[in-house]
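> Below is one structure. I have some questions about it.
The values are calculated or read from the model by the stated rules, or taken from the named source; none is laboratory data. All of these numbers come straight from a predicted model, not from anything done at the bench. Backbone-built Cβ (ideal geometry, glycine too); neighbour counts: all protein chains shown.
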Amino acid sequence: MTKINIGFIGGSGLYKVPEIKNVKWKKVSTNFGNPSSEICIGELNNRKVAFLPRHGKNHTLSPSKINYRANIEALKKIGVENIISLS
């Protein structure tokens, strides 16, 4: 498994990070069900990073529908070492 330095979980209004380069979207399943979205994996300032839009790619999930446990487990499964949650 490749280590990913930082995983970002974006809140309302943050659905993508244009500065991330070499972007690939990865679908991840977890023991808790599906996370909010596929996970964007790429590079930011020469570091491997991941980005997960908390409300889905197009803000389709209300706060009560967010599967927080799945989101955290999905980031862990792809090798994220640190998580920053933005809102």
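> For segment 54-65, does any single residue satisfy the condition of being among the aliphatic types (A, V, I, L, M), within 14 Å of Leu86 (Cβ to Cβ) and modelled with pLDDT under 95?
Taking segment 54-65 first, the residues among the aliphatic types (A, V, I, L, M) are 61.
If we keep only those that are within 14 Å of Leu86 (Cβ to Cβ) as well, we get none.
For segment 54-65, residues among the aliphatic types (A, V, I, L, M), within 14 Å of Leu86 (Cβ to Cβ) and modelled with pLDDT under 95: absent.
> Suppose we filter Glu38, Glu81, Glu43 for residues that are out of contact with any Leu (no Cβ under 8 Å at 6 or more places or on another chain) and within 15 Å of Glu19 (Cα to Cα); which single one remains? Break it down stepwise before answering.
On the way: Glu38 fails: within 15 Å of Glu19 (Cα to Cα); Glu81 fails: within 15 Å of Glu19 (Cα to Cα).
Sole residue among the options that is out of contact with any Leu (no Cβ under 8 Å at 6 or more places or on another chain) and within 15 Å of Glu19 (Cα to Cα): Glu43.
> Okay, moving on. Based on this model, can you work out whether Thr2 counts as assigned to a loop (DSSP other than H, G, I, E, B), free of Cβ contacts under 8 Å to residues at least 24 places away in the same chain and exposed (fewer than 12 other Cβ atoms within 10 Å of the Cβ)? So that I can check it myself, show each step before the final result.
Working: assigned to a loop (DSSP other than H, G, I, E, B): yes; free of Cβ contacts under 8 Å to residues at least 24 places away in the same chain: no; exposed (fewer than 12 other Cβ atoms within 10 Å of the Cβ): yes.
Considered against the rule, which asks whether it is assigned to a loop (DSSP other than H, G, I, E, B), free of Cβ contacts under 8 Å to residues at least 24 places away in the same chain and exposed (fewer than 12 other Cβ atoms within 10 Å of the Cβ), Thr2 comes out as no.
> Oh, and also: Given Pro35, Pro53, Pro63, which one is over 15 Å from Thr2 (Cβ atoms), exposed (fewer than 14 other Cβ atoms within 10 Å of the Cβ) and not polar (S, T, N, Q)?
Values: Pro35 fails: exposed (fewer than 14 other Cβ atoms within 10 Å of the Cβ); Pro53 fails: exposed (fewer than 14 other Cβ atoms within 10 Å of the Cβ).
Criteria check complete, one pass: Pro63.
> Any idea how many residues of segment 37-70 are out of contact with any Phe, Trp or Tyr (no Cβ under 9 Å at 6 or more places or on another chain) and not in a strand (DSSP E or B)?
Result for segment 37-70: 9.
> Only one of Asn22, Asn71, Asn82 is modelled with pLDDT of 95 or more, among the polar types (S, T, N, Q) and loosely packed, with under 15 Cβ neighbours inside 10 Å. Can you tell me which?
On the way: Asn22 fails: modelled with pLDDT of 95 or more; Asn71 fails: loosely packed, with under 15 Cβ neighbours inside 10 Å.
Of the residues listed, the single one that is modelled with pLDDT of 95 or more, among the polar types (S, T, N, Q) and loosely packed, with under 15 Cβ neighbours inside 10 Å is Asn82.
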